[in-house]
Amino acid sequence: MSHDVVIVGGGVMGSSTAYHLLSADPSLSVVVIERDDTYTRASTVLSDGNVRIQFGLEENIRISQHAIEVLGRFDDDMATPRFQPAVAARHQGNLFLADEASKAAALEGIELQKRLGCDVAWLNPAEIATRFPALRTEDIVGGSFAQADGSVDPSAVLRGYRNKAVELGAEYVEDEVTALIGGRGRMRGARLRRGGDLMCPIVVSTAGAWSVDLIRPLGVALPVIPVMRTVYVVSTTIPTPGMPSVFLPSGVYALPESDRTWLVAWSRDEDPVGYDFTPAGRQRFTDLIWPELYRHLPAFDSLEVESAWAGLYAVNTLDGNAILGEWPGIRGLYLATGFSGHGFQQAPAVGRYLSELILGLDPTLDLSRLGGQRVLDNEPVHEHAGRLI
Ligand SMILES: Cc1cc2nc3c(=O)[nH]c(=O)nc-3n(C[C@H](O)[C@H](O)[C@H](O)COP(=O)(O)OP(=O)(O)OC[C@H]3O[C@@H](n4cnc5c(N)ncnc54)[C@H](O)[C@@H]3O)c2cc1C
């Protein structure tokens, strides 16, 4: 049987793309191949679910503005007779603390964010101390704060998109794509481990950190590596209500989760590359992360590491940003990968963008600067701070 579109990988990107395709044209035949319907290793369900407008690149800011809008009405928009999503949006605000070295980039970011209509402010140390007394402000020069930033439940978003896409007619098949079939500059389909070949002129690779291996045999060398990131679940004496998500100048972050529980992590250059899901041990937390946390949040002197998990960032080593759209020179091969740790919040805009490209519509949000041509031309499109979260 032939289809109009085959999507490889039914995580948040694949499911958002299926949903957007079918909302625009319900007559399409869209099949999503997902090898694990429990999503045990999908980055989407292993993510922190943080959404922020505090980026330094116009595209990333606009993508997140769209996410905040969509997630605000997601529970209603994605409800089906079989499934009622509950994304549990919390706008606790993200506070990026700055030291002397990071201040200029933070101020530059605020200027751009404000120009694009974001409600974001620079807080000086005294303002931070008044507003968030749990923070120690001696080692910082201020911080950038946006109240609209916050967290949602990423699994609920994935399930919401998936169920709505199915209601609109998407077919989900639990199988693994072992090879993409293409040649002479165009796609012809995908080979399944259990089910033979699916013939189709349009193949969307939304296979997350695994995309790079899937696409390589077609002669596409993406600058994307799978990097393991560990998140620690920490219980503390600090009540989370009223606390923002705190991002330290070093890159350590602490996200208030529930009651006195925080999610804490630090992405480091030495994090393992490969498909490993064994979280780093508690020693790493104690030796590396805890002293840094304690310096800025002294109430973290008393805590319990309850558990930890690890997931994969698809790190784009060229510039830390997504690679989106039809790959130059291969008609019908569409990609969305390389999100480098901020992809969850990009799913609404990316799914819409890919669907518009596939359907030949003018994109609502022009994301062409994030296309594959910049990879081929070796022309990075960086965030100002160059930091991956
Ligand atoms: C610890 C951690 C914290 C994060 N925190 C945030 C955050 O706070 N905010 C944010 O915006 N982003 C965050 N991210 C990043 C975010 O999770 C990802 O960018 C996003 O979820 C990517 O979605 P995806 O659908 O591309 O990939 P995935 O969710 O990984 O989905 C890919 C799917 O493809 C399937 N697949 C792979 N290969 C094949 C194949 N050959 N055949 C069939 N199926 C296949 C997989 O089973 C998987 O389900 C975080 C990531 C991690 C690991």
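In the context of the full protein assembly, ARG369 retains an accessible surface of approximately 120 Å², using a probe radius of 1.4 Å and ignoring ligands and nucleic acids. Residues in the range 88-103 carry Karplus couplings, in order, of 6, 5, 10, 9, 6, x, 9, 10, 9, 6, 10, 9, 4, 5, 9, 5 Hz; the curve used is 6.51 cos²θ - 1.76 cosθ + 1.60 with θ = phi - 60°, and Gly or Pro positions show x. Packing, taken as the mean count of other beta carbons within 10 Å per residue, orders the peptides 7-19, 92-104, 40-52 from highest to lowest as 7-19, 40-52, 92-104. Scoring 165-177, 72-84 by mean Cβ neighbours within 10 Å over their residues and listing the highest first yields 165-177, 72-84. The apolar share of the surface of the range 280-320, taken as the fraction of accessible area on carbon and sulfur atoms (1.4 Å probe, ligands and nucleic acids excluded), comes to 51 percent.
The string of couplings for the range 281-296 from the Karplus curve (6.51, -1.76, 1.60, θ = phi - 60°) is x, 5, 4, 4, 4, 5, 7, 9, 8, 4, x, 5, 5, 4, 4, 9 Hz, one whole number per residue in order, with x for Gly and Pro.
Computed from label points 7 Å out along Cα-Cβ, the spacing between ARG136 and PHE83 is 4.6 nm. Rounded to the nearest 500, the 222 nm mean residue ellipticity of the chain from helices alone is -7500 deg cm²/dmol, with -39,500 (n - 2.57) taken per DSSP H run of at least 4 residues. Expressed as a whole percent, the accessible surface of the range 118-275 that belongs to carbon and sulfur atoms is 50, based on a 1.4 Å probe.
Comparing ALA134, PRO272, VAL30 along the charge dipole axis of the chain, the residue lying farthest to the positive side is VAL30, per the Cβ-charge model. Normalising the average separation of contacting C-alpha pairs (under 8 angstrom, six or more residues apart) by the number of residues puts the relative contact order of the chain at 23 percent.
Applying 1/(1 + (r/R0)^6) with R0 = 41 Å to the Cβ-Cβ distance of LEU107 and ARG188 gives a FRET efficiency near 0.20. Only protein atoms count toward the accessible area here, which uses a 1.4 Å probe; on the range 333-377, the carbon and sulfur part of that area reaches 47 percent. Annotation: per residue accessible area for the chain equals 41 Å², rounded to a whole number [probe 1.4 Å, protein chains only].
The values are calculated or read from the model by the stated rules, or taken from the named source; none is laboratory data. Note that the structure is a prediction, hence the values are computed from the model and not measured. Cβ sites come from the backbone with ideal geometry, for glycine too, and all protein chains shown count toward neighbours. Surface areas here come from the heavy atoms of the whole protein model, side chains and all, with no ligands, DNA or RNA. Shrake-Rupley method; radii C 1.70, N 1.55, O 1.52, S 1.80 Å.
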